Each structure stands twice: as C-alpha cells, then as structure tokens.
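K.L.:
So that we are looking at the same thing, I have put the structure below in structure tokens.
The values are calculated or read from the model by the stated rules, or taken from the named source; none is laboratory data. Owing to the predicted nature of the structure, the values given are computational and were not obtained by experimental measurement. Reconstructed Cβ throughout: ideal geometry from the backbone, glycine too, with neighbour counts over all protein chains shown.
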Amino acid sequence: MAGDTLTSSEYIKHHLTNLTFGQHPDGSWGMAHNAAEAKAMGFWAIHVDTMFWSIGLGILFLYFFSKVAKTATTGVPEGLQNFVEWLVDFIDTSVRGSFSARNSLVAPLALTVFVWIFLQNLMDLVPVDLIPEAAKLLGIHFMKVVPSTDPNATFGMAIGVFILVLFYSIKIKGIGGFAGELTLQPFSADNMLVKLLFIPINFILEFVSLIAKPISLALRLFGNMYAGEMIFILIAIMYNAGLILGLFGGVLQLGWAIFHILIITLQAFIFMTLTIVYLDMAHHEH
Amino acid sequence: MNINLTLIGQLLTFAVFVWFTMKFIWTPIMGALETRKKEIADGLAAAERGQHEQELAKERAKDVLHEAKSQAAEIVAQAQKRAAEIVDESKDTARTEGERILTAAQAEIEQESNRAREHLREKIGELAVAGAEKILRKEINAAAHKNIVNELAQEI
C-alpha cells in the first residue's frame, strides 16, 4: 500500500512516474531516481516500463495469434482457434463496414490496434500496487504498468496511423490533389482572386482538422486511461484511511473495475474504428 | 509524463507489430477462413445435388417397379394361357390317339372275324363234304363232286 512514510500526494506522484532511463545532467547514463531527474533528462530518455509492458503484451498477442495462424485448419476449429477466428472475423466485419477502398494493410492494422490497445488497457485492471510493490522487492522503484497511460505510447500509435494517412493521401490523390484538398475547400470561388484569398483560410481550417486527427486519437485514449488509473490510485489511498473507508474503498474498486472493463474495450474499439475511418478518408476524394 | 524517446520506440514497435500481424497472422487466418467458407459452400451444394439425385433415383425406382409388376402380370397371364393350350392340346392328342387305337382294334376285330368266318366256311364245307360222303358213299364220286361242294361252301 501507500506506506507510512509517504503522503497521499507523494503516493500519487510515485505512481505516475515512469521508470526512466537516460542521461543525467552530469553526463552519466542511468535510471532516474525521481520525477524531477526524469524530467531533466529531456527527450533522449526512454520509459523502460512502458516499453517493457507494451512490447511484452504485444509479443503475447503475436505469439498466440501466430500460433493459431500456423496451425489454422480449414476443418472444425477448436479452442483458441475459435476465439482468434471470432476476433478476426469481427475485425474483418468492422473494416468492411467502414473501409470501402481496397488495401490489404488496413485489416491487419486494425487487428493489431484493437488487440494491442486492449491488452495495454487491461493492465489497468491489475490492482495498482501489485506489480509496483513486486518490482520494489526487485529493487525497481518506479513501475507504471499501463502503457496506454503514457502519452508516448498513445502518441506513438497515433503518429503511426497519421503517417499512414499522409502516405495514402499522397499516394492515392497525388501531392497536388492532397494539397488541393488542404487549400481549396471548404471555401471556394469562381473568381481567381477570391480563390487565392481563400487559400490561407482554407489551409488553416483544413490543417487544424488534419492535425486534430492524431492528437484527438492519442489524447482520447490517454485521457481515458489516465483518468481511470487515477481513480484506481485514489481508491487505493482509501485503504490507508481506516477500516470503514478501507472497506468502502474495496467496494468502490470492485465497482470501478467492472465499469472499467467496458471502458478499456470501448477505447480500444474507438481507436480501431477511427483508424479505419481516417484511412478510409485518406483513400477518397471529398 | 514526459514526451521522449519512448515515443519513437513505441512508433517503431507499432510498425513492427503491424507488419508481423499482416504477414504471419492475418493472411493465413483469412486464408483458412476463406477456404473453409468455400468448402462448406461446396459441401452444401453437393448435399443438395445428392438429395436431388436421390429423388430422381426414387422416381426411377418407382417406374422400374411398376414396369416389373406389369411385366410379371403379363408373364403370368401368358403362362396361364399356355397352360390352358397345353391341356387342350393333350386332350386333343389323347382323343385322336384313342380313336386311332379304337379304329385299329376294330379293324383287327374285323380281320379276325373274317378269318374266323373263312375258317368256319372251310370247316363247314369239309363237314358238308364229309356228311355227303357219308351219305352218298357209294354212289358219289368224291373227286367229281368236290367242286360242287366247294361251290356250296362258298355260298354260305
């Protein structure tokens, strides 16, 4: 639990600090010992916990799915294959529903997004102190186990999607077509001069809406998971505030965890659906 | 909550995961699903075809049975007719044979009776000659009168 020597604020701060590896101001490389040190490391530092958990969960997903893919029979499916096929079919239906162009990348991308984000979010249901306390026994002082509460993780995926959106926009419509889409609408005119006048206005509007796609994608997931994590942490603080509040906290944690099952699935689904929709928009003139 | 190198790391990880999923997960699983879909469709079509064929076969069997029944009835009728014919024929044959035997017997009887009559006539002639000989022993020349007696005997 929070420990006697920590105040509530310190406890929260501790839980929100990533295990950061980077260069100390004095020039030596190593783990940051507190949040301030981590901040001082600047851009050239890496969140070891985020990387570890996201890659670990990703490999878990790839391992089970590729195991099924390798032994996939066309006969009667059973066990894990049933589950994987159901999921693949679900993703396939979603992609067919929202994506009208032909692109063999989109469906596997959607599957990866959905399962990977779901697994990352799922770590939120692990009691907040369980893994950090276990890590403390191993001598690791900071451990944030939910990768999707790290904006680096959500922005990493959102930027990946954004790069694909830009790539396909230019590939399908050409640089001219894409530039035209950014500058010649929503305002247009027959008069050449007015048209030229509209270009900067259109560009500002369209550029904002374009750049809003990855940002909203990343921040929506991050915000939801961060807020959920924060509530779990706040509930965990109640365990230190006496028996009655502790019991109340237990009930709250159960309730929030059950509700959270819905949120983690929903957020994974929203991220996936928006990815498909953005890529669909990149494939069509409008 | 600092934006740092983790961002790039996550981006690269994401790219590798998507690539892996596309190459080693999505394609084989979708392939298996498509193949199964096709196999099921084929199976259903085959079942339907089989059912159709079974119905046709049933129809054909019914026809064949019907034909066989009528043929059997015809054969039985023919056999009965033939049997009646055979009976009639044998009756005729028997009757003819009987008549033939009867005629032959009658002819034999006639012959026998004729022969007996002849024999009798001869005997009567001899008897008459013997009687006449006895009566007319002396005056009658047996040789001279034999012709007369024979004529007499012929008339009997």
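K.L.:
If you check A:Ser66, A:Ser54, A:Ser8, which single one turns out to be away from every other protein chain (no Cβ under 11 Å) and small (Gly, Ala, Ser)?
P.N.:
One residue alone meets the criteria, A:Ser8.
K.L.:
Please verify whether the stretch B:69-85 includes one or more residues that are out of contact with any Asp or Glu (no Cβ under 6 Å at 6 or more places or on another chain), part of a helix (DSSP H, G or I), within 14 Å of another protein chain (Cβ to nearest Cβ) and not charged (D, E, K, R).
P.N.:
Looking through the stretch B:69-85, none of the residues is out of contact with any Asp or Glu (no Cβ under 6 Å at 6 or more places or on another chain), part of a helix (DSSP H, G or I), within 14 Å of another protein chain (Cβ to nearest Cβ) and not charged (D, E, K, R).
K.L.:
Please specify each residue of the stretch A:33-55 satisfying the condition of being over 19 Å from the mean Cα position of the chain (by Cα) and either under 23 Å from B:Thr13 (Cα atoms) or not small (Gly, Ala, Ser) (or both).
P.N.:
Listed by number, the residues that qualify are A:His33, A:Asn34, A:Glu37, A:Ala38, A:Lys39, A:Met41, A:Gly42, A:Phe43, A:Trp44, A:Ala45.
K.L.:
Then there is this: Could you give every pair whose Cβ atoms fall below 8 Å, whose first residue belongs to the stretch A:34-53 and is of a type in the set (Ser, Thr, Tyr), and whose second residue is in a helix (DSSP H, G or I) and crowded, with 21+ Cβ neighbours inside 10 Å, counting only separations of at least 6 or pairs across chains?
P.N.:
Close Cβ pairs (under 8 Å, with a partner that is in a helix (DSSP H, G or I) and crowded, with 21+ Cβ neighbours inside 10 Å) amount to A:Thr50/A:Pro147; A:Thr50/A:Asn152; A:Thr50/A:Ala153; A:Thr50/B:Thr6; A:Thr50/B:Gln10.
K.L.:
In the set A:Phe142, A:Phe114, which member is closer than 25 Å to A:Gly223 by Cα, among the aromatic types (Phe, Trp, Tyr) and modelled with pLDDT under 90?
P.N.:
A:Phe142
K.L.:
If you don't mind, another one. A:Ile59: more than 10 Å from chain B (Cβ to nearest Cβ) and among the β-branched types (Val, Ile, Thr), yes or no?
P.N.:
Working: more than 10 Å from chain B (Cβ to nearest Cβ): no; among the β-branched types (Val, Ile, Thr): yes.
Judged against the criteria, A:Ile59 is not a match.
K.L.:
Identify all residues within the stretch B:1-32 that are among the polar types (S, T, N, Q) and in a helix (DSSP H, G or I); write none if there are none.
P.N.:
Result: B:Thr6, B:Gln10, B:Thr13, B:Thr21, B:Thr27.
K.L.:
Inspect all residues belonging to the stretch A:80-102 and state whether any of them is over 17 Å from B:Met30 (Cβ atoms) and at the interface with another protein chain (Cβ under 7 Å from one of its Cβ atoms).
P.N.:
no
K.L.:
Determine which member of the set A:Ile263, A:Ile235 is modelled with pLDDT under 95, in a helix (DSSP H, G or I) and within 21 Å of the chain's Cα centre (by Cα).
P.N.:
Only one candidate qualifies: A:Ile263.
K.L.:
Next up: Hey, could you check the stretch B:11-56 for residues that are of a type in the set (Gly, Ala, Ser) and at the interface with chain A (Cβ under 7 Å from one of its Cβ atoms) and say which is surrounded by the most Cβ atoms within 10 Å (Cβ to Cβ)? Reasoning before the result, please.
P.N.:
Initially, the stretch B:11-56 is screened for residues of a type in the set (Gly, Ala, Ser), giving B:15, B:31-32, B:41, B:43, B:45-47, B:50.
Subset that is at the interface with chain A (Cβ under 7 Å from one of its Cβ atoms): B:15, B:32.
On the way: B:Ala15: 16, B:Ala32: 21.
Ranking the qualifying residues of the stretch B:11-56, first place goes to B:Ala32.
K.L.:
Something else: For the stretch A:105-148, enumerate the residues that are closer than 20 Å to A:Thr17 by Cβ and at the interface with chain B (Cβ under 9 Å from one of its Cβ atoms).
P.N.:
A:Pro147
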